[in-house]
Amino acid sequence: MTAGPRPANIAELLTHALALEIEASERYADLAEQMKSHNNLRIAKLFGKMADIEKLHVDHIRKMIERHGVKLSEPANYYWTSPEGPETTDPLDLHYLMTPRQALELARHNEARARDYYAHLATDAQDGETRRMAQELAAEEEEHVALIDAWLAKVPETDADWDEDDDPPFLQD
């Protein structure tokens with residue numbers, strides 16, 4: 001998944017997990033604001049809900065840090081495969097008219113990438129405790145994938161003309 005070094009211990013793993021969840025929460029909050037500015041309030045609300053869920057994940061990781069009594073390592077070098085964390089939506093994937101299904105598909109993609117990231121770390125872990133923790137984090141992300149799958153099952157497919165705008169943005173010269 002990455003060419004760089006892997007977290008060597010629980011402290012490094014939890015440092016990465018905390019950074020990943022904080023980044024995801026902040027990005028979803030930013031996306032909610034962007035969708036509000038485009039008057040796509042349904043998607044703004046959905047991204048706001050995702051930001052809140054990610055904040056719960058941040059709290060969960062902080063409790064894990066406390067429970068394990070670890071001192072966080074320096075977060076200088078994260079081992080993502082892209083410029084951003086595995087659970088972070090690229091703003092270029094947005095469209096101001098995107099549908100709930102498309103937003104949920106983005107969220108599902110992010111949760112699946114986070115699951116795969118932790119699963120990969122588990123296979124490369126240098127000790128059993130770090131491996132078990134990475135497996136636990138991967139399992140939690142899999143639960144998130146299943147939750148979003150359940151939401152997707154309730155959301156209609158996206159219409160072919162979803163991006164038609166009767167009142168498109170107007171840019172003055």
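Things worth noting here:
- Taken one residue at a time, the phi angles of segment 44-53 give Karplus couplings (6.51, -1.76, 1.60, θ = phi - 60°) of 4, 5, 4, 5, x, 5, 5, 4, 5, 5 Hz. Gly and Pro are set to x.
- If you take the alpha carbon atoms of the chain and fit the smallest convex hull around them, that volume is 136 Å³ per residue.
- At an R0 of 35 angstrom, the distance between the Cβ atoms of Thr158 and His60 translates into a FRET efficiency of 0.65.
- Calculated diffusion of segment 25-71, Stokes-Einstein form, Kirkwood radius summed over Cα pairs, 4 °C and 1.567 mPa s, µm²/s: 113
- Neighbour-count order for Ser37, Ser25, fewest beta carbons within 10 angstrom listed first: Ser37, Ser25
- Lysine pairs within the chain, Cα separation less than 24 Å, 8 or more sequence positions apart or different chains: 11
- Spin-label pair Arg131/Arg42, simplified geometry with 7 Å Cα→Cβ offset, distance in nm: 4.7
- Computed lengthening from Glu26 to Asp116, 0.36 nm per intervening residue step minus Cα-Cα distance: 30.3 nm
- Approximating the spin labels as points 7 Å out from Cα along Cα→Cβ, the Glu33-to-Lys71 distance works out to 3.5 nm.
- Acute angle (nearest 10 degrees) that the helix 100-124 long axis makes with the longest principal axis of the chain, alpha-carbon atoms: 20
- Furthest towards positive pole of dipole, Leu137, His109, Gln126, structure part the chain, Cβ charges: Gln126
- Electrostatic dipole magnitude of the chain [Cβ: Lys, Arg +1; Asp, Glu -1; Cα centre; debye, to 20]: 860
All of the numbers you see were taken from the coordinates with simple rules; none came from a lab. Bear in mind the structure is a predicted one, so any value in this text is a computation, not a measurement. Heads up, the Cβs are rebuilt from the backbone with ideal geometry, glycines too, and the neighbour counts pull from every protein chain shown.
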